[in-house]
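Here's the structure we're looking at; comments come further down.
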Amino acid sequence: MAETIFSKIIRKEIPADIVFENEHVLAFRDIKPQAPVHILIIPKVEIPSVKELSGAEHSKLLGELIDAANAIAKKEKISEIGFRLVLNCGPDAGQEVYHLHMHLLGGRKMKWPPG
Ligand code: 5GP
């Protein structure tokens, strides 16, 4: 699978509004925000989508994405009012970028079911 624009963001070859970074995880504001808070949380390792996840190492990595989401939600002051985490997987879900990413959305009332 060819690398995506997110690999360039990880390597800081193109700019992004980075809000969180550690050894395995990077988070930055979505370029086309769908809510007042819209942040993409990604692993630094290249994994195309959720369906490629398997095994204990990936489970740990997913946990690290959730930990980052919780830390960012607190920093953005949406932890208590609520937020949504979204992982789009594949064409029917509307996945555009094939580098695993978790959307953290908040700062407005969300609707259900999603579109
Ligand atoms: P997907 O539809 O794949 O779940 O979401 C991909 C997201 O990446 C979209 O919300 C889109 O706006 C965002 N995105 C695509 N290219 C860039 C970029 O170059 N920079 C940033 N910050 N976000 C991007």
Open item on the list: Of everything in region 3-31, what is free of Cβ contacts under 8 Å to residues at least 24 places away in the same chain and in a loop (DSSP other than H, G, I, E, B)? Give them in sequence order.
Closed with: ARG11, LYS12, GLU13, ILE14, PRO15, ALA16, ASP17, GLU23, ILE31
Task: Top-ranked residue of region 3-62 - restricted to ones that are among the basic types (Lys, Arg) and more than 9 Å from the ligand (Cβ to nearest atom), ranked as least open to solvent (accessible area, probe 1.4 Å) - done: LYS44
TODO: Starting from residues that are more than 15 Å from the chain's Cα centre (by Cα) and surrounded by 15 or more Cβ atoms within 10 Å (Cβ to Cβ), keep the ones in region 77-94 and report whichever is nearest to the ligand (Cβ to nearest atom).
DONE: ILE78
TODO: Answer yes or no as to whether ASP67 is outside any loop (DSSP other than H, G, I, E, B), within 16 Å of the ligand (Cβ to nearest atom) and surrounded by fewer than 16 Cβ atoms within 10 Å (Cβ to Cβ).
DONE: no
Open item on the list: Quick check on my filter: what residues within region 95-115 are more than 13 Å from the ligand (Cβ to nearest atom) and outside any loop (DSSP other than H, G, I, E, B)?
Closed with: GLY106
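The values are calculated or read from the model by the stated rules, or taken from the named source; none is laboratory data. In this text the structure is predicted, and so the values were computed from the model without any measurement. Neighbour counts run over all protein chains shown; Cβ positions are idealised from the backbone, glycine included. For the accessible areas, the whole protein counts, side chains as well, though only heavy atoms, and no ligand, DNA or RNA atoms are used. Shrake-Rupley method; radii C 1.70, N 1.55, O 1.52, S 1.80 Å.
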